[in-house]
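*Asks:* Can you read through this structure? Questions will come right after.
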Amino acid sequence: MKKANGKNIIKRIFSIFFGLIITFFLLIIIEEYLFHNYYNNIQPMEILLICIMYFSGILFLVLWNINKSKLIYLLFIAPVVCIGFGIGLREYRNYIYSIPRVYEGLNLYFYEPFNKDRNRLARIDEISNYKLTNNLPILDGATAFYPIYAAFVQEVYPENEYRHWRSPVFCRRTANAYINLLEGNVDIIFCLEPSEAQLQLFIDNNKNLKFVPIGREAFVFFVNINNPVSNLNAEDIQGIYSGKITNWRQLGGRNNRILAYQRPKNSGSQTILEKIMNNTPIINPLLEDIMEDMEKIINQVAVYRNFNNAIGYSFLMYTTEMVGNDQIKILSINNIYPSTETIQDNSYPFIVNIYAIYNNTEEKNENIEPFLEWILSEQGQELVSKTGYVPIRNK
């Protein structure tokens, strides 16, 4: 009898000790998930699996002490299933993350002006005939156009005035660039034309925007290189992004659901898509969960991942030169492939102007207009061409 009581005491001590340990680790995991999950390493589904494992473990310890039936060992099925499912979930997510992406978060280090470490910026053949020495216009713009306005800076701005910590050239993307221009934080932005909402903001604030076209570019659509579809027309694009066309089989491709990626609202490329849609309502974009600081999970527009059934859009030079992903295929539109030649002869249907945009007020930086005159000169347009865009002024 004493032997049996001693055995029960040992079981209870072990159960309490082990229960406290797994409770402690569960609390650490939840605390990490709620407050320190900087890189979104723990997913909500994984937390659910961990909780199932925890409660099945606690239930086993309780029944182990009050029930002599061996059926309680079947409770171990739950942790085993959860571990297997969790491993599968993590491996699937790793597979998703390994798929090549096309996104605007590129490292622009190699396009920084005066960067002597493998500088990729285009150069003109002779010394610039226009130089700025003071009162430098502060620049901002779209990621896709950073290589061109950074090249302008490298030719015209004084190197000894350029410092990374007080640089006169930024790249905060289209939406933020327009906000910076509105608030007077920058003098010129290099972007596409604004969306209706962006333009209305300037009108509401009595701003007089000046648009100076400096180059031309193709707006392109791309798919996975293994997708048999190589050509679409404008109606196909409208059908895909309105949700009327949902399967590649409808366009002569394989029997796969179309995964149509979009860009965030008020980005330059999303504004162009809206114009192409010609007032046709656009389907809701694909979303993905991300962590915002340490406080909450938010939804943002999903970054293009190069699945076999995906379609996305961007700009020709950005896609071919800056991203350089050899696993995507740029589509022809109306049987016309986007190229320098088809932009020059206006045969490609989706051609956009690259604008230098500024607030035309009496208080504007005095060097804005002379600087833009140089950009439109032979030397400036040579830089536009050498960067990979089509000059607005041909020789």
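*Asks:* State which residue pairs qualify: first residue over 19 Å from P285 (Cβ atoms) and part of a helix (DSSP H, G or I) and inside the stretch 237-253, second residue at pLDDT below 95 and small (G, A, S) in any location, beta carbons under 7 Å apart, and separation of 6 or more residues or different chains.
*Replies:* Between residues of the stretch 237-253 that are over 19 Å from P285 (Cβ atoms) and part of a helix (DSSP H, G or I) and residues that are at pLDDT below 95 and small (G, A, S), there is no close pair.
*Asks:* Quick check, is M45 of a type outside the set (D, E, K, R), part of a helix (DSSP H, G or I), out of contact with any strand residue (DSSP E or B) (no Cβ under 8 Å at 6 or more places or on another chain) and at pLDDT below 85? Before the answer, list the steps.
*Replies:* On the way: of a type outside the set (D, E, K, R): yes; part of a helix (DSSP H, G or I): yes; out of contact with any strand residue (DSSP E or B) (no Cβ under 8 Å at 6 or more places or on another chain): yes; at pLDDT below 85: yes.
Yes; evaluated as a whole, the condition is true for this residue.
*Asks:* Here is a further query. Is it the case that some residue within the stretch 311-330 is part of a strand (DSSP E or B), more than 17 Å from the chain's Cα centre (by Cα) and modelled with pLDDT of 80 or more? Show your work before the answer.
*Replies:* So in the stretch 311-330, the residues part of a strand (DSSP E or B) come out as 311-315, 328-330.
Retained after the next criterion (residues that are more than 17 Å from the chain's Cα centre (by Cα)): 329-330.
Now drop any that are not modelled with pLDDT of 80 or more, which leaves 329-330.
Yes, the conditions are met somewhere in the stretch 311-330.
*Asks:* Please determine whether any residue of the stretch 177-184 is modelled with pLDDT under 90, within 23 Å of the chain's Cα centre (by Cα) and surrounded by 14 or more Cβ atoms within 10 Å (Cβ to Cβ). Working first, answer last.
*Replies:* Applying the first criterion (modelled with pLDDT under 90) to the stretch 177-184 yields none.
No; the residues of the stretch 177-184 include none that is modelled with pLDDT under 90, within 23 Å of the chain's Cα centre (by Cα) and surrounded by 14 or more Cβ atoms within 10 Å (Cβ to Cβ).
*Asks:* Filter the stretch 254-275 down to the residues that are assigned to a loop (DSSP other than H, G, I, E, B) and over 30 Å from A177 (Cα atoms), then identify the one that is nearest to the chain's Cα centre (by Cα).
*Replies:* Keep residues of the stretch 254-275 that are assigned to a loop (DSSP other than H, G, I, E, B), which gives 254-256, 258, 261-267.
So of that shortlist, the ones also over 30 Å from A177 (Cα atoms) come out as 254-256, 258.
Details: R254: 27, N255: 28, N256: 24, I258: 20 Å.
Filtering the stretch 254-275 for residues that are assigned to a loop (DSSP other than H, G, I, E, B) and over 30 Å from A177 (Cα atoms), the one nearest to the chain's Cα centre (by Cα) comes out as I258.
*Asks:* Could you grab me the full set of residues in the stretch 65-106 that are among the small types (G, A, S), surrounded by 14 or more Cβ atoms within 10 Å (Cβ to Cβ) and free of Cβ contacts under 8 Å to residues at least 40 places away in the same chain? Outline the logic, then answer.
*Replies:* The first filter runs over the stretch 65-106 and keeps only residues among the small types (G, A, S), leaving 69, 78, 84, 86, 88, 98, 105.
Then drop every residue that is not surrounded by 14 or more Cβ atoms within 10 Å (Cβ to Cβ), which leaves 78, 86.
Of everything in the stretch 65-106, just one residue is among the small types (G, A, S), surrounded by 14 or more Cβ atoms within 10 Å (Cβ to Cβ) and free of Cβ contacts under 8 Å to residues at least 40 places away in the same chain, namely A78.
*Asks:* Would you confirm whether or not the stretch 140-158 contains a residue that is touching a residue at least 24 places away in the same chain (Cβ under 8 Å), outside any helix (DSSP H, G or I) and surrounded by fewer than 18 Cβ atoms within 10 Å (Cβ to Cβ)? Before the answer, list the steps.
*Replies:* Of the stretch 140-158, the ones touching a residue at least 24 places away in the same chain (Cβ under 8 Å) are 140-158.
If we keep only those that are outside any helix (DSSP H, G or I) as well, we get 140-142, 157-158.
If we keep only those that are surrounded by fewer than 18 Cβ atoms within 10 Å (Cβ to Cβ) as well, we get 158.
Scanning the stretch 140-158, I find at least one residue that is touching a residue at least 24 places away in the same chain (Cβ under 8 Å), outside any helix (DSSP H, G or I) and surrounded by fewer than 18 Cβ atoms within 10 Å (Cβ to Cβ), so the answer is yes.
The values are calculated or read from the model by the stated rules, or taken from the named source; none is laboratory data. What you see is a predicted model; the values in this text were computed from it and never measured. Cβ: placed from backbone, ideal geometry, glycine included. Neighbour counts: every protein chain shown.
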